Amino acid sequence: MNDDAVSHRGMLRNMLKQGFTPRQDLSEFTDNSLSAAATKMCLWICTINNILCFSDDAGMKKDLGAAFRFHERSLPSLQHGRFGIGAKFAMVCLTLLKSIVHVFTRPNEGDPIKQLTIDYPRAVEMDRLTINPHGIEMECVPTWEQYAIDPAGKGTVIHLPSDKSIVQEIVSMITSDKVENNLLFEIGTTYHAFLSDNKTYQINVDDKIYDVIPIDRLCWDEVDEKMEVTLNVYYNPENHSVIRAYYQDPFSKLYGWRIKKNEKGKRHFMIGNPPDNFVSLGPIAVQLAYSSDWVTLLEDTLVHCGIVVPDARGRGKIAASLGGTEIKRNGKVVKVLPVKKTCSGHKGAYPFHENTKVRISFDAVKIDQILDDDSITMDDVFNTQVNKSELNEETIKKSVWEAVRQLRYDYGQQIYKRASPQIEDSESEEEPDLPTEPLVVPASAPMPAVKSAAKPAAMPLAKPAAKPAAKPAVAASSPPSNQIMPKPAVAISFPAAEPSSVAPLPVAPLTVASLSVASLTVAPSPAASSHEPVASVTQISAHIRNTSKCPQDIIKLLESIYITYAPHFNMICDNPESIVIKSGLSADYAALVRIEESLKELSHNE
């Protein structure tokens, strides 16, 4: 290549505008170390002089000049790199082209130390970047001795004087108490597979040591609910855009591939084997795991990273930050997609879908694949770019992503139905299209028994009580919806109720100055205008049995009760019992019963 054919100054400045972040820059150095078979890595940070230094115990076998030459492009491989330019982007972005970078390496024990000096300020000034490796200079020997993992052995050291703002940003990520910002958590999850294989990663900030530990978001070795499915990817050599993922569906036991086919967007499973002329690109492993409380499973590792783990009431946000779907390339997690909101089907199933995590693992190439510049590889299936974090579901070939989505949906449905055997199958087992916005999921998904509605700190007007995620098992047969219970003279009697699996929350002693059942009147529900008005709380159950035909009737009745009893709401304690009167209304009815029983108890204590 003729170096005069491009402007070095313009190329370097354009590299600053490619959207790389400091955490992605550091990841590029880690990728190179692991590709060189390093077992020990260390990031050194000096906040006094704004120095960043990355070192490992693996020397560069490749020619040092070729390794940092910008137009040295590599073919896809089982290593982490894709285009052979990631580390060069990292050095440009971490220095902002304002400082001189030194690279030192000793390929093998006993070899001389090699040095490469990259003077970015001079390159910008002269419009020429010089790459000229040589033996280590005497004045640079102290740098090697200070930062090398083993000064007497093999290894590599990259010394970068950085900008103060960048150093401060990196340090703030190391000490962050938030999952979404914490660098220790990100490195531990990104390189979980490698760190679990007797490899170590340390961060030294002004001589304070932080140990990075392997963190598995799916807690694969701890969870009981898990499943793995293999997708076999093929492409049509006559039309490279035709790529299909074939697999045996674990639920129907049929073999085929999935596609979104008709104009309504319904997904279809096409039964059959790949055509004889299709070429295999290799397997994709899809792991699915479910837990009702991921935060508790990961709590010890979160605390190790310095992340604050709130109590049960504040875990929704941290649960969402743990992510929903991992995409893992060549053993490294290159992207974590957020949890998506479930918007259709049985509402009781929502927490089961939202608490199902997925890991998609693939190798960029097959071990026996012969490559050239025109070869189709798994990187083409996932549309892998220089900045691998740009990967998202829209870039993945549709057959692959449709298979993953449907597997996740069917798996969540299976868990839900096993936990709630009384639920009938929906008309369609195809996963509905999901919205793109992330969801803040509850820290713990409810299990089959009905849980008590959460008691808010303040009473919101005209707002229904929170519904449990799953429906309760029916202990006794439900009376017909048109059956009217006789109104009791003193206190109402209820059918036998199945106790919840959750103990009632402790409530402080209640004191009521003046409260009587006769004074607690409720405005009739608009949906019940043709029936007997509700004169007191003791008539609620009969009213529900007589007038409720759909959950909307219950919601309207709840709103009227809330408006009437808002001043007394803080005195109402949770009742762990629930009454089942009709499938689909049990959660709302249980909320009414808790209000009724509590108000009666308050009035009787007068």
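The values are calculated or read from the model by the stated rules, or taken from the named source; none is laboratory data. All of these numbers come straight from a predicted model, not from anything done at the bench. Note: ideal-geometry Cβ built from the backbone for every residue, glycine included; neighbour counts use all protein chains shown. What goes into the accessible areas is simple: the full protein's heavy atoms, side chains included, and nothing from ligands, DNA or RNA. Shrake-Rupley method; radii C 1.70, N 1.55, O 1.52, S 1.80 Å.
Summary of computed values
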{"read-out": "Residue match in region 300-320 (condition: at pLDDT below 95, in contact with a strand residue (DSSP E or B) (Cβ under 9 Å, 6 or more places away or on another chain), on the phi > 0 side of the Ramachandran plot and not charged (D, E, K, R))", "value": "no"}
{"read-out": "Residue check, Val179 β-branched (Val, Ile, Thr), open to solvent by less than 70 Å² (accessible area, probe 1.4 Å) and modelled with pLDDT under 95", "value": "yes"}
{"read-out": "Where a residue in region 309-325 is over 11 Å from Asp293 (Cα atoms) and its partner, wherever it lies, is open to solvent by 40 Å² or more (accessible area, probe 1.4 Å) and among the acidic types (Asp, Glu), with Cβ under 8 Å and at least six apart", "value": "Val309/Glu299; Ser321/Glu180"}
{"read-out": "Answer residue from region 112-143, given it is of a type in the set (A, V, I, L, M) and assigned to a helix (DSSP H, G or I) and is surrounded by the most Cβ atoms within 10 Å (Cβ to Cβ) among those", "value": "Ala123"}
{"read-out": "Selected residue [open to solvent by 50 Å² or more (accessible area, probe 1.4 Å), closer than 26 Å to His192 by Cβ and among the aliphatic types (A, V, I, L, M)] from Val339, Val279, Val308", "value": "Val308"}
{"read-out": "Total residues in region 188-217, condition open to solvent by less than 70 Å² (accessible area, probe 1.4 Å), among the aliphatic types (A, V, I, L, M) and out of contact with any helix residue (DSSP H, G or I) (no Cβ under 9 Å at 6 or more places or on another chain)", "value": "1"}
{"read-out": "So Phe269, is it of a type in the set (Phe, Trp, Tyr), within 25 Å of Ile415 (Cβ to Cβ) and either at pLDDT 95 or above or not in a strand (DSSP E or B) (or both)", "value": "no"}
{"read-out": "Which listed residue, of Gly314, Gly331, Gly323, is under 18 Å from the mean Cα position of the chain (by Cα) and under 22 Å from Glu394 (Cβ atoms)", "value": "Gly323"}
{"read-out": "In region 347-361, the residues that are open to solvent by 20 Å² or more (accessible area, probe 1.4 Å) and either free of Cβ contacts under 8 Å to residues at least 24 places away in the same chain or of a type in the set (Ser, Thr, Tyr) (or both)", "value": "Tyr350, Ser361"}
{"read-out": "Residues satisfying the stated conditions in region 144-160, i.e. assigned to a helix (DSSP H, G or I), within 23 Å of Leu97 (Cα to Cα) and open to solvent by 10 Å² or more (accessible area, probe 1.4 Å)", "value": "Tyr147"}
{"read-out": "Residue check for Ala285: under 30 Å from Ile318 (Cβ atoms) and either in contact with a Cys (Cβ under 7 Å, 6 or more places away or on another chain) or in a strand (DSSP E or B) (or both)", "value": "yes"}
{"read-out": "Qualifying residue in region 339-347 (condition: of a type in the set (A, V, I, L, M, F, W, C), in contact with a strand residue (DSSP E or B) (Cβ under 8 Å, 6 or more places away or on another chain) and assigned to a strand (DSSP E or B))", "value": "no"}
{"read-out": "Lone unmet requirement of (1) within 24 Å of Ile170 (Cα to Cα); (2) assigned to a helix (DSSP H, G or I) for Val103", "value": "(2)"}
{"read-out": "Those residues of region 161-188 which are assigned to a loop (DSSP other than H, G, I, E, B), over 26 Å from His102 (Cα atoms) and either aromatic (Phe, Trp, Tyr) or touching a residue at least 60 places away in the same chain (Cβ under 8 Å) (or both), in sequence order", "value": "Thr175, Ser176, Asp177, Lys178, Val179, Glu180, Asn182"}
{"read-out": "Where a residue in region 397-423 is closer than 19 Å to Glu228 by Cβ and its partner, wherever it lies, is among the aliphatic types (A, V, I, L, M) and assigned to a helix (DSSP H, G or I), with Cβ under 8 Å and at least six apart", "value": "Val400/Val381; Gly412/Ala349; Gln413/Ala349"}
{"read-out": "All positions within region 75-106 that are more than 30 Å from the chain's Cα centre (by Cα) and either open to solvent by 10 Å² or more (accessible area, probe 1.4 Å) or modelled with pLDDT under 75 (or both)", "value": "Leu75, Leu96, Leu97, Lys98, Ser99, Ile100, His102, Arg106"}
